[in-house]
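The values are calculated or read from the model by the stated rules, or taken from the named source; none is laboratory data. On a predicted model such as this, the values are computed, not experimentally measured, just so you know. Note that each Cβ is placed from the backbone with ideal geometry, even for glycine, and that neighbours are counted across all protein chains shown.
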Amino acid sequence: MVTTSVSREQVLEWLSEVPDPEIPVLTIADLGIVRDVTVDKTIVVDVTPTYSGCPATEVIEQSVVDTLHAHGIENVEIRRVLSPPWTTDWITEDGRNKLREYGIAPPAAGGTKRELLHGKRAIACPRCASQNTQVVSEFGSTACKASYQCSDCLEPFEYFKCI
Amino acid sequence: MNTGKGSVRAAAGPGKGAGRAAVGASSSPEKSAGQTAVGTASSRDRALLAYTTRLGDNALILAQRMIELVAGYPELEEELANANFALDYIGQARMFYSYAGELEGKGRSEDDFAFLRDENEFHNFLLIEQPSGHFGDSIAKLVLFDSFYLLLLEALTRCSDERIAEIAARAEKEIRYHLRHNTQWLVRLGDGTEASHARVQESIDTLWQYTGELFAADEIDQLFTECFDGPVLGAIQEQWQTHVKAILDEATLTLPGDGWMASGGKQGRHSEHLGYMIAEMQYLQRTHPGASW
């Protein structure tokens, strides 16, 4: 086996190219889903689910295994880590920019604070940057997104919910 | 808000509850036989397994009720909300059942817990197995239950069982979001038209009899509270009452008075509705044992 000659950094770099199945413009590294990598006889990858019922969890885990297999790594173990729970704050700055360019408003920062969930917060339109926007539906095409509409440019857009 | 560290012991006290025989129904008989002292290693294990399984049961049965409504909602956005919420509960059920399988140590998977147990082995609350009824019934049920579940999860994040605390921390964020959404609907229905007000008031009045069970601590609850620094149901009940009253006030609805409360779900004694639901839920696995795809 060649696994022992691989560095942790190398594995992380490979994994940084794995796309998220539901928002393919983002990688799982952008989302902050990969918690840690331990390189030993087996490569152990710690991943965290975004939502309890996220249907993408298994697909993501399989993609991680497939990616490492493609690089010649045979022994891969996926460890699901729950604590601390994932929050949208873990989405990287790079990831937020990619989301915006893709037409999805990135989550407001500080998502762990309760008042943000209950208070009203202006969500900027990813197209014209106007803050004059309104909720169309708390739920969108996937569990992690809400539907919004810009009241200025009238474009509907999705907002990555802040949790 | 933070009542009751002091009341933990009082509430949990050496259990002389009459429920001992009935309560342990889902755990293995050999384990409960001969155990008398509360807090021994084996009663501690038994309580943890039973408690974890119940948490899974509540999440799964509620999810299944909501899944029945998929493709039947009056409008698209609520259709999506309902399906997304159900998905969260299923995710939570999977985490609780996986853990229960590990605790039990007999190689049962999350699917075995969901699909290969009989009605009386499910220890969910009667409240959530009630038929979904009309939209107002569903919303009323979700607000009543999630107001409780959120407080329970908050308390569970502080319990001494690490895994339960982790799952609760994950789930708490989701339920907070559900509750906010469904509360807005309850207010809109209650403070809406004369017809919507009357119908949703009836929903609340009908479901109210099933809320007592949420707070009626039995032996498993007491053991879990004592052994794992778990939730104190008396304290949660006070907070729940205050919270629900505030919502109903805003919705111009009336809080039902004290009355007779149904019980038994936690011990596996269910209303007739659950059997039909489980029969449908387990149809494939029962008809084609070992089927996979």
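Here are a few things to note about the model shown:
- Any hit, segment B:195-208, residues being within 14 Å of another protein chain (Cβ to nearest Cβ) and outside any loop (DSSP other than H, G, I, E, B): no
Listed here are the residues, each with its yes/no results for (1) over 16 Å from A:Val81 (Cβ atoms); (2) polar (S, T, N, Q); (3) away from chain B (no Cβ under 14 Å).
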| site | (1), (2), (3) |
| --- | --- |
| A:Ser7 | yes, yes, yes |
| A:Trp14 | yes, no, yes |
| A:Glu17 | yes, no, yes |
| A:Pro21 | yes, no, yes |
| A:Ile28 | no, no, yes |
| A:Ile33 | no, no, no |
| A:Thr48 | no, yes, no |
| A:Pro55 | yes, no, no |
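- Of the listed requirements (1) crowded, with 24+ Cβ neighbours inside 10 Å; (2) assigned to a loop (DSSP other than H, G, I, E, B); (3) within 14 Å of chain A (Cβ to nearest Cβ), B:Tyr73 misses just one: (1).
- Residue list for segment A:68-101, restricted to those being touching a helix residue (DSSP H, G or I) at 6+ places or on another chain (Cβ under 7 Å), closer than 12 Å to A:Gly32 by Cβ and among the polar types (S, T, N, Q): A:Thr92
- Selection from segment B:103-130 of residues that are assigned to a helix (DSSP H, G or I) and under 20 Å from B:Tyr89 (Cα atoms): B:Glu110, B:Asp111, B:Asp112, B:Phe113, B:Ala114, B:Phe115, B:Glu119, B:Glu121, B:Leu126, B:Leu127, B:Ile128, B:Glu129
- Wholly within segment A:1-74, helices (runs of 4 or more DSSP H) carrying at least 3 residues that are of a type in the set (D, E, K, R) and not assigned by TED's automatic domain parsing to the domain that holds A:Pro107: A:8-15, A:56-70
- Residue count for segment B:145-187, restricted to those that are over 23 Å from B:Phe224 (Cα atoms), touching a residue at least 40 places away in the same chain (Cβ under 8 Å) and either within 13 Å of chain A (Cβ to nearest Cβ) or surrounded by fewer than 23 Cβ atoms within 10 Å (Cβ to Cβ) (or both): 7
- Residues in segment A:51-66 that are crowded, with 17+ Cβ neighbours inside 10 Å and touching a strand residue (DSSP E or B) at 6+ places or on another chain (Cβ under 9 Å): A:Thr57, A:Ile60, A:Glu61, A:Ser63, A:Val64.
- Filtering segment B:229-253 to residues that are surrounded by 13 or more Cβ atoms within 10 Å (Cβ to Cβ), touching an Asp or Glu at 6+ places or on another chain (Cβ under 9 Å) and closer than 22 Å to B:Ala195 by Cα leaves B:Glu250, B:Ala251, B:Leu253.
- The residues of segment A:23-46 that are touching a strand residue (DSSP E or B) at 6+ places or on another chain (Cβ under 9 Å) and under 23 Å from B:Phe85 (Cα atoms), listed by number, are A:Ile23, A:Ile33.
- Some residue of segment A:24-34 being under 10 Å from the mean Cα position of the chain (by Cα), among the polar types (S, T, N, Q) and within 19 Å of A:Lys98 (Cβ to Cβ): yes
- Matching option when the condition is over 15 Å from A:Cys144 (Cα atoms) and buried (at least 19 other Cβ atoms within 10 Å of the Cβ), among A:Val37, A:Val76: A:Val37
- B:Lys106 being basic (Lys, Arg) and within 13 Å of chain A (Cβ to nearest Cβ): no
- Number of the condition not met by A:Ala129 [criteria: (1) at pLDDT below 80; (2) not in a helix (DSSP H, G or I); (3) not aromatic (Phe, Trp, Tyr)]: (1)
- Extreme residue, farthest from the other protein chains (Cβ to nearest Cβ), among residues of segment A:146-163 that are assigned to a loop (DSSP other than H, G, I, E, B) and of a type in the set (A, V, I, L, M, F, W, C): A:Cys153
- Cβ-Cβ under 6 Å pairs, at least 6 apart or on other chains, segment A:148-163 side more than 28 Å from A:Gly32 (Cβ to Cβ), far side surrounded by fewer than 15 Cβ atoms within 10 Å (Cβ to Cβ) and at pLDDT 95 or above: none
- Qualifying positions in segment B:77-94 - more than 7 Å from chain A (Cβ to nearest Cβ) and modelled with pLDDT under 90: B:Glu78, B:Glu79
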